[in-house]
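Everything below concerns the one structure shown next.
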Amino acid sequence: MNRTFALASRTRKELLRDPLSYIFCLAFPLVMLAIMTIVDRSIPKEAGMTVFHLSQLAPGIAVFGQTFLMLFTSLTVSKDRSGYFLVRLYATPAGSRDFILGYLLPMMEISLMQCGIIYLASWIVSLILGTPLSAGGLLLSLLMLQPSAVLFICIGLLFGTLFSEKSAPGLCSIIISLGSFLGCIWFDADSLGGIMLKICKALPFYYCTKLGRSALQLNFGTSAFWLPLLIVAGCAVVLALLSVIVFRSRMRTDLA
Amino acid sequence: MNHEKEMIRTKDLTKKFGEKTAVDHLDLTIHEGELFSLLGVNGAGKTTTIRMLSCLSRPTSGEALVGGFSCLDQAEKVKEIIGISPQDTAVAERLTVQENLAFMAALYTQDKAVCRERTERMIRLFHLEEVAGSQARTLSGGWKRKLSIAMAMIGEPQVLFLDEPTLGLDVLARRELWNLIGKLKEKRTIILTTHYMEEAEQLSDRIAIMHRGRIRACGTLSEIETLAGVSGLENAFVEIAGKEELL
Ligand SMILES: Nc1ncnc2c1ncn2[C@@H]1O[C@H](COP(=O)(O)OP(=O)(O)OP(=O)(O)O)[C@@H](O)[C@H]1O
Ligand SMILES: [Mg+2]
């Protein structure tokens, strides 16, 4: 366990000392929160667009932020692999479990901090606007967004393990665009319906945002809360298992 | 020198990459406390040999024992008694020198006090005091090398592998590192690769000259000189490795 903690603390320190982590994982989502709140104020009420109301926007922004955790996980892993750092660690008594948890644990901590800060900012904005968000809803939503954090972080681990330092970030940016679009962060697929909604529903991203939004609004309907929870948690478990299997087999071929 | 105990023994150790044989039926015995230098032109198979001995690469055939443990079946045991400084300095760039050392130390021992004590000792031994609080990415090549070797030492390995430890260092830094490596020896077994003949002359108890995966000459400096029929390691090297190249 000591080895896991040593590896985790190294990952955490390196991430928290990289200014880019703050720019992408915090500043960018917060700027989007501000911009979209202003956009929301400029949309006439008659338009009936609710996707940028804070109660919808905040969870969307939180999921948007999580896609960058994926990017940073893949960057960390692929960099360790491209240099000789991971090779050197392979020659120590640490094992694959230590390595995997050494990446996942600090990313989960950062995910909690990130979501906490985004929600705190959203709450403050909601107070300023005179439409306060429920504190309990925010807290529940923060918890309910952690399975999707696992999902994104594991995609990052997977990409970082399989692809080079050069291609992993590129692939992640595809998922970032795809995820934030098909996750319905910037538009409301439910009101759109049709083929678009079908595509969104075929991918897990839609359920990540939906779960966060329902939790925030304390809406415990089956299709609003429980179904998305089941789907997101299921996908998170599958991706976690997959990334562990891939990391281990990659480690074996590295040492062949 | 204690020539009783064998620390490393390989028998027919072979590594093939597809058609290419990188290490070819290597038979090598290295004793406890010896400083053993592996010389050879680029691509001779030095790094591949070190990788197999440090459980980073599986031999295609043959066997390797380190400290009496098999690199194939007892990798866990081997990893506990070895330290390796790879050909490319591999350090955690955004950790400070001290944090890098403490981090590596924690991979070998559970005991926090031991970690701290070993970290302090390495900082003193390698004269890293003035850069102890600097992030590794800000260090010059020489400091990074020293840190990398200190990290290899932190688990108090019985066997230390140094793959081109003085690559890219200036003359003074190289001399300083030679001094250090001399000090590190104590009872430790050190396997070192280098392209600098002077380095091998200065430091080694025994030297092996590798070519195309095979050992062409192995022994003390004077034994190798006698074998080659010339004086000076560089001349002997050219004689032995150069002749092979012509064949
Ligand atoms: N992973 C690999 N895949 C294919 N071939 C490899 C691999 N690693 C090494 N080789 C080949 O094996 C041979 C020995 O390489 P090795 O790195 O052991 O040489 P070296 O003696 O360390 O050389 P240098 O002095 O340049 O570091 C080379 O021909 C190299 O191309
Ligand atoms: Mg080499």
* Quickly run through region A:1-35 and pick out the residues that are more than 14 Å from A:F68 (Cα to Cα), of a type in the set (A, V, I, L, M, F, W, C), crowded, with 18+ Cβ neighbours inside 10 Å and within 11 Å of another protein chain (Cβ to nearest Cβ). => A:A6, A:L7, A:A8
* **Within region B:206-220, tally of residues that are farther than 19 Å from B:A44 by Cβ and either within 16 Å of ligand 2 (Cβ to nearest atom) or crowded, with 18+ Cβ neighbours inside 10 Å (or both)** => 0
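Tell me, which residue of region B:45-67 that is in contact with a Lys or Arg (Cβ under 7 Å, 6 or more places away or on another chain) and within 14 Å of ligand 1 (Cβ to nearest atom) is farthest from B:D163 (Cα to Cα)? Don't jump to the end; show me each part of the working.
Pass one, region B:45-67, residues in contact with a Lys or Arg (Cβ under 7 Å, 6 or more places away or on another chain): B:48, B:52, B:55, B:57, B:59-60, B:62-63, B:65.
Cutting the leftovers down to within 14 Å of ligand 1 (Cβ to nearest atom) gives us B:48, B:52, B:57, B:59-60.
On the way: B:T48: 10, B:M52: 13, B:S57: 15, B:P59: 19, B:T60: 21 Å.
If we take residues in region B:45-67 being in contact with a Lys or Arg (Cβ under 7 Å, 6 or more places away or on another chain) and within 14 Å of ligand 1 (Cβ to nearest atom), then B:T60 is farthest from B:D163 (Cα to Cα).
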* **Out of A:F28, A:F5, A:F64, sole residue that is among the aromatic types (F, W, Y), without any contact (Cβ under 8 Å) to a residue 40 or more places away in the chain and touching a helix residue (DSSP H, G or I) at 6+ places or on another chain (Cβ under 8 Å)** => A:F5
* Between a first residue in region B:175-193 that is within 14 Å of chain A (Cβ to nearest Cβ) and a second residue that is assigned to a helix (DSSP H, G or I) and within 16 Å of ligand 1 (Cβ to nearest atom), which pairs have beta carbons less than 9 Å apart while being 6 or more apart in sequence or on different chains? -> B:I191/B:T49; B:I191/B:I50; B:I191/B:L53
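Only one residue in B:M122, B:M104 is buried (at least 20 other Cβ atoms within 10 Å of the Cβ), more than 16 Å from ligand 1 (Cβ to nearest atom) and under 25 Å from A:L15 (Cβ atoms). Which one? Working first, answer last.
Working: B:M122 fails: under 25 Å from A:L15 (Cβ atoms).
Testing whether each residue is buried (at least 20 other Cβ atoms within 10 Å of the Cβ), more than 16 Å from ligand 1 (Cβ to nearest atom) and under 25 Å from A:L15 (Cβ atoms) leaves just B:M104.
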* From the list B:P157, B:P165, pick out the single residue that is part of a loop (DSSP other than H, G, I, E, B), within 16 Å of ligand 2 (Cβ to nearest atom) and modelled with pLDDT of 90 or more. => B:P165
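If I go through region A:170-227 residue by residue, how many of them are among the β-branched types (V, I, T) and out of contact with any helix residue (DSSP H, G or I) (no Cβ under 9 Å at 6 or more places or on another chain)?
Narrowing region A:170-227 to residues among the β-branched types (V, I, T): A:174-176, A:185, A:195, A:199, A:209, A:222.
Next, from what is left, pick out any that are out of contact with any helix residue (DSSP H, G or I) (no Cβ under 9 Å at 6 or more places or on another chain): A:174, A:195, A:222.
The qualifying residues number 3.
Filter region A:108-153 down to the residues that are small (G, A, S) and under 12 Å from the mean Cα position of the chain (by Cα), then identify the one that is surrounded by the most Cβ atoms within 10 Å (Cβ to Cβ).
Initially, region A:108-153 is screened for residues small (G, A, S), giving A:111, A:116, A:121-122, A:126, A:130, A:134-137, A:141, A:148-149.
Subsequent filtering for residues that are under 12 Å from the mean Cα position of the chain (by Cα) retains A:111, A:148-149.
Details: A:S111: 23, A:S148: 30, A:A149: 24.
Step by step, filter region A:108-153, then rank; the result is A:S148.
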* Could you check, for region B:7-18, whether at least one of its residues is within 13 Å of ligand 2 (Cβ to nearest atom), part of a strand (DSSP E or B), outside the structural domain of B:S148 (by TED's automatic domain parsing) and among the hydrophobic types (A, V, I, L, M, F, W, C)? => no
* Asked: Any idea how many residues of region B:35-62 are surrounded by fewer than 23 Cβ atoms within 10 Å (Cβ to Cβ) and away from ligand 2 (no atom under 16 Å from the Cβ)?
  -> 5
* Run B:V41 past the list (1) in contact with an Asp or Glu (Cβ under 9 Å, 6 or more places away or on another chain); (2) away from ligand 1 (no atom under 11 Å from the Cβ) and report the number of the one that doesn't hold. => (2)
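Return the only residue of A:I100, A:I38, A:I61 being more than 14 Å from chain B (Cβ to nearest Cβ) and more than 22 Å from A:G212 (Cα to Cα). Write out each step before concluding.
Numbers: A:I38 fails: more than 22 Å from A:G212 (Cα to Cα); A:I61 fails: more than 22 Å from A:G212 (Cα to Cα).
Checking each option against the conditions leaves just A:I100.
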* To do: Working only within region A:82-91, note down all residues that are touching a residue at least 40 places away in the same chain (Cβ under 8 Å) and at the interface with chain B (Cβ under 7 Å from one of its Cβ atoms).
  => A:V87, A:Y90
* Asked: On the given criteria, is B:T138 closer than 18 Å to B:L26 by Cβ and more than 16 Å from ligand 2 (Cβ to nearest atom)?
  -> no
* Asked: With region B:27-145 as the region, which strands (runs of 3 or more DSSP E) entirely inside it contain at least 3 residues that are in contact with a helix residue (DSSP H, G or I) (Cβ under 6 Å, 6 or more places away or on another chain) and within 14 Å of another protein chain (Cβ to nearest Cβ)?
  -> B:82-85
* **Check on B:L172, more than 14 Å from chain A (Cβ to nearest Cβ), part of a helix (DSSP H, G or I), in contact with a strand residue (DSSP E or B) (Cβ under 8 Å, 6 or more places away or on another chain) and away from ligand 2 (no atom under 16 Å from the Cβ)** => no
* To do: Kindly check whether there is at least one residue in region A:105-112 that is at pLDDT 95 or above, within 14 Å of chain B (Cβ to nearest Cβ) and part of a helix (DSSP H, G or I).
  => yes
* Asked: Which members of region A:222-256 meet the condition of being farther than 30 Å from B:K79 by Cβ and exposed (fewer than 13 other Cβ atoms within 10 Å of the Cβ)?
  -> A:T222, A:S223
* Among (1) under 30 Å from B:I30 (Cα atoms); (2) more than 13 Å from every other protein chain (Cβ to nearest Cβ); (3) of a type in the set (V, I, T) - the single one B:V159 does not satisfy -> (2)
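The values are calculated or read from the model by the stated rules, or taken from the named source; none is laboratory data. Keep in mind the model is a prediction, meaning the values are calculated, not measured. Neighbour counts run over all protein chains shown; Cβ positions are idealised from the backbone, glycine included.
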